[in-house]
Amino acid sequence: MPITKSAKKAAKRSLVLHGRNKEFKLRMKMEMKKFIKRVQKWETVAIEDLSNMYKVIDKCTKVGVIKKRNASRKKSRMAKIFSSKK
């Protein structure tokens, strides 16, 4: 248990940031799953869908949920899936 006032604030802030990070990561994972399922079912997937996927991944990178190289790897894999099913 935190004792000092600053430690209490840091613990509270840590919980808030943990929730925010979890929300961003969950949103990213769900978007990726939906995108992959749509591509595998041969549904019409436009370049705008890939662009939206990039947008979600970039937002996670911007807020610090994932790192830059991790985001690049995820975007590369999504592009590979997108181009292979055309």
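Annotations
- Considering residues of the range 13-69 that are among the acidic types (Asp, Glu), closer than 17 Å to ALA79 by Cα and surrounded by 10 or more Cβ atoms within 10 Å (Cβ to Cβ) only, the residue modelled with the lowest pLDDT: GLU43
- Residue match in the range 13-26 (condition: of a type in the set (Asp, Glu) and in contact (Cβ under 8 Å) with a residue 12 or more places away in the chain): no
The values are calculated or read from the model by the stated rules, or taken from the named source; none is laboratory data. Quantities reported herein were computed from a predicted structural model and do not represent experimental measurements. Counting neighbours? That spans all protein chains shown, and the Cβs are built from the backbone with ideal geometry, glycine included.
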